[in-house]
Amino acid sequence: MTRSPHILLTGFDPFGGETINPSWEAVRSLHGRRAGGHRIVAVQLPTEFAASLKALRRALREVRPAIVLGVGQAGGRSRLSIERVAINVNDARIPDNAGAQPVDEPVVADGPAAYFSSLPIKAMLAALREAGLPAEVSNTAGTYVCNHIAYAMAHYTARQRGVRTGFVHIPFLPDQAVTHAHAPSMSLEDVRRGLLVALRTAARVQTDARLAAGAIS
Ligand code: PCA
């Protein structure tokens, strides 16, 4: 019997004073589900620069995914935010969950400056809009643990033919927004549905759609 291709779907544990991380809540609810003929394997990564890398590398070895999608909380963003690029720099505004606060250090010494997502980000955007979910293409994943992981997943699979990687940032949950005045939020059900739509699209579409979704500034 041939093994169906796998999707490695990662979420993070809570950080920055929050008691939950919506990325893990959404991701764990999709463990074992299928999307576009792929089986989803959900893995939690710690919000720690060093330990998240180790956990990612272990998961890549064990799952041998065809698609890797990282998911992280971006409090303050209002939409499902499909990241276009990950850059080779860690510049932490707050310490990570292990107390580390790298400033202007590379994710991978001597690695390239950046990696573009190899998932069909425009097709994913179009599919999310079609499904009635607010979504956007983002041109920065920040310089904290999410960017670090988005960069690392591209770097560590760069020589593996057929492996595609990308990252999606998600808003706070309504529960969290209660204590953050003016912060937008999105329900867990919408995030979960959006991730499934994004993954189905990623699994089915090899050549990205041509759709203007850039930013002027
Ligand atoms: N968001 C953080 C790290 C973990 C998470 O969920 C980030 O955007 O870097």
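The values are calculated or read from the model by the stated rules, or taken from the named source; none is laboratory data. The structure displayed is predicted, hence computed values, not measured ones. Virtual Cβ from ideal backbone geometry, glycine too; neighbours counted across all protein chains shown. Ligands, DNA and RNA are stripped out before the accessible areas are found, and what is left, the full protein with its side chains, is counted by its heavy atoms. Shrake-Rupley method; radii C 1.70, N 1.55, O 1.52, S 1.80 Å.
For the stretch 1-107, what relative contact order do you get, as a whole percent, if you take Cα pairs closer than 8 Å and at least 6 residues apart?
30 percent.
Restricting to Cα pairs below 8 Å that are 6+ residues apart, what does the relative contact order work out to for the stretch 91-193? Please round to a whole percent.
Answer for the stretch 91-193 is 23 percent.
Cβ under 11 Å from Asn21's Cβ, Asn21 left aside: what net charge do those residues give with Lys, Arg +1 and Asp, Glu -1?
Net of charged neighbours comes to -2.
For the stretch 114-217, which semi-axes, largest first and in whole Å, follow from the square roots of 5 times the eigenvalues of its Cα gyration tensor?
For the stretch 114-217, the ellipsoid semi-axes come out as 24, 18, 14 Å.
List the relative contact order of the chain as a percent without decimals, with contacts defined as Cα pairs under 8 Å and 6+ residues apart.
Averaging sequence separation for qualifying contacts and normalising by length gives 27 percent for the chain.
Rounded to two decimals, what is the ratio between the C-alpha radius of gyration of the stretch 75-164 and 2.2 N^0.38 Å?
1.19
In what sequence, highest mean first, do 181-191, 207-217, 142-152 appear when ranked by Cβ atoms within 10 angstrom?
142-152, 181-191, 207-217
If you roll a 1.4 Å probe over the heavy atoms of the protein chains, what accessible area per residue do you get for the chain, in Å²?
Per-residue value: 48 Å².
Which peptide among 5-14, 104-113 comes first, and what is the full order, when sorted by highest mean count of other Cβ atoms within 10 Å?
5-14, 104-113
Measuring from label point to label point, each 7 Å out along Cα→Cβ, what is the Ala109 to Arg93 span in nm?
It is 2.9 nm.
In nm, to one decimal, how far is the modelled label at Ala181 from the one at Arg159, with both set 7 Å along Cα→Cβ?
Between Ala181 and Arg159, the label points sit 5.4 nm apart.
Calculate the dipole size of the stretch 1-92 relative to its Cα centre from +1 charges on Lys and Arg beta carbons and -1 charges on Asp and Glu beta carbons; express the result in debye to the nearest 20.
That gives a dipole near 560 debye.
I need the peptides 198-206, 29-37 ranked by packing, meaning the mean over residues of other C-beta atoms within 10 angstrom, with the highest value on top.
198-206, 29-37
In debye, nearest 20, what is the charge dipole magnitude of the stretch 168-217 about its Cα centre with +1 on Lys and Arg Cβ and -1 on Asp and Glu Cβ, if you could check?
Charge dipole, the stretch 168-217, about its Cα centre: 260 debye, nearest 20.
Counting other Cβ atoms within 10 Å, which trypsin sites (Lys or Arg not before Pro) in the stretch 43-102 have at most 16 and lie in a DSSP loop?
Arg93
For the chain, which whole percent of the accessible surface, found with a 1.4 angstrom probe, sits on carbon and sulfur atoms?
Carbon and sulfur atoms account for 50 percent of the accessible area of the chain.
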